[in-house]
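Worksheet: the structure to be examined is printed underneath.
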Amino acid sequence: MKFGAYVYEPEKASGFDFHLLRVKIETGARIPPVQDMYSNIAVFADNAAARSHPDWISQSPLGPARMGNSNFNIYWSVVCATQPEHRAEQLDYIEDVDRHSLGVWLNSQYFADHGHCTCPRCKELWRKSGLGWLEWRRKEVTDYIAQVRERVKKELVMCIQPDPVTACERYGVDFDDLAKYADAFNVVMFSKNYATPWYWEMLARGFKKLLKKPVYISLYVYGPGDTAKDVPSASELLTVSVRCARAGIDGILYLASGPSQIRDFQKAAVDKVELRERLKSYGDQPVHEVLGLVKSWEKIVG
Ligand SMILES: [Zn+2]
């Protein structure tokens, strides 16, 4: 297994195999990529683009994909996935970021959610395609990822929502289609607590069965603006890491604002001596790799 730090600040945390930097987040804010880190780009979730071009926002019978529309799990505004200027600008941007970093991990590279997008352009494109609605959406997403693949010379990773069953109906995402272009998948399993590790383990197992490329998962440690009481405990994170590891996944990333929050987590994890001992009986090799990682942090936080 491989372990990564997934951060908002352009600085590497100690004690990981690789580093993923959020160079463009859902607010639309961008920071320069870093040569020896991977780059994470939110493609269609983009508050800034939606603010500058209100007519680009994805539409649906349940309203637009605007931050605050509680019909959907949308925490930011999402641009229509067929918007040609946004698509083109993102392709150029992705190519440039790839050139200046180790590769690109995309999220929000698909439709906003079920029922999207019903803007006049999408309805016209769908009508002309002669395809069924879901089939057309799937083709739009897959064709765009094929264009991205032509631009990205280094690693290309597809971040996907933790929904193994209705990804096509909701997002137009077909896992086998994307596997043709992706070097790996990253299942984003962000939660502010992991009190029910059974469910996360089940999801990890399900995705490992479905996805035809290596599978990473991402866990939530400490986001920008969080306080200590907002975030999962070190015990929950250790337990869920071990339980997902034994499901056969290929790696785990830990999301935090920056190296300082990662280090606080490492220290708290190292301090869970009793739990680390107990977790040794939870499985074989992958479990011991997670526990070995925590052991290796002893000298970092010591
Ligand atoms: Zn549209």
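The values are calculated or read from the model by the stated rules, or taken from the named source; none is laboratory data. As the structure is a computational prediction, the values presented were derived from the model and not from experiment. A quick note on method: Cβ atoms are made from the backbone with ideal geometry, for glycine too, and the neighbour counts reach across all protein chains shown.
Among residues that are of a type in the set (S, T, Y) and touching a Pro at 6+ places or on another chain (Cβ under 9 Å), Y220 is included. Filtered by the rule that a residue be buried (at least 22 other Cβ atoms within 10 Å of the Cβ) and under 27 Å from L291 (Cα atoms), region 20-36 gives L20, L21, R22. Region 206-279 holds helices (runs of 4 or more DSSP H) entirely within its bounds, and those carrying 2 or more residues that are in contact with a strand residue (DSSP E or B) (Cβ under 8 Å, 6 or more places away or on another chain) and under 14 Å from F16 (Cβ atoms) map to 259-271. The single condition among (1) over 19 Å from V148 (Cβ atoms); (2) more than 10 Å from the ligand (Cβ to nearest atom); (3) touching a residue at least 24 places away in the same chain (Cβ under 8 Å); (4) surrounded by fewer than 19 Cβ atoms within 10 Å (Cβ to Cβ) that R121 does not meet is (2). Residue count for region 169-198 under the criterion of being crowded, with 19+ Cβ neighbours inside 10 Å and hydroxyl-bearing (S, T, Y): the result is 2. Only one of the numbered conditions (1) more than 15 Å from the ligand (Cβ to nearest atom); (2) surrounded by fewer than 13 Cβ atoms within 10 Å (Cβ to Cβ) is violated by L106, and that is (2).
All of G63, G15, G68 fail the test of being at positive phi, within 16 Å of the ligand (Cβ to nearest atom), out of contact with any Pro (no Cβ under 6 Å at 6 or more places or on another chain) and not basic (K, R), apart from G63. Applying the condition of being of a type in the set (K, R) and surrounded by fewer than 15 Cβ atoms within 10 Å (Cβ to Cβ) to region 150-168 and asking which residue is nearest to the chain's Cα centre (by Cα) yields K154. In the set (1) part of a loop (DSSP other than H, G, I, E, B); (2) in contact (Cβ under 8 Å) with a residue 12 or more places away in the chain, the condition left unmet by N69 is number (2). Condition check: assigned to a loop (DSSP other than H, G, I, E, B), free of Cβ contacts under 8 Å to residues at least 24 places away in the same chain and surrounded by fewer than 21 Cβ atoms within 10 Å (Cβ to Cβ). Does L131 satisfy that? Spelling it out, L131 is indeed assigned to a loop (DSSP other than H, G, I, E, B), free of Cβ contacts under 8 Å to residues at least 24 places away in the same chain and surrounded by fewer than 21 Cβ atoms within 10 Å (Cβ to Cβ). Filter region 79-102 down to residues that are crowded, with 18+ Cβ neighbours inside 10 Å and of a type in the set (A, V, I, L, M) and give me whichever is farthest from the ligand (Cβ to nearest atom). Looking at the filtered set, the residue picked out is L102.
Considering (1) under 18 Å from the mean Cα position of the chain (by Cα); (2) within 30 Å of D176 (Cβ to Cβ), the lone condition that R243 does not fulfil carries the number (1). Of all the residues in region 134-159, those that are in contact (Cβ under 8 Å) with a residue 40 or more places away in the chain and more than 16 Å from the ligand (Cβ to nearest atom) number 11.
A Cβ distance below 7 Å, combined with a sequence gap of six or more or placement on separate chains, defines the contacts here; from region 265-276, residues that are closer than 23 Å to Y6 by Cα reach residues that are assigned to a loop (DSSP other than H, G, I, E, B) and modelled with pLDDT of 95 or more in the pairs Q266/G15; Q266/W297; A269/W297; V270/W297.
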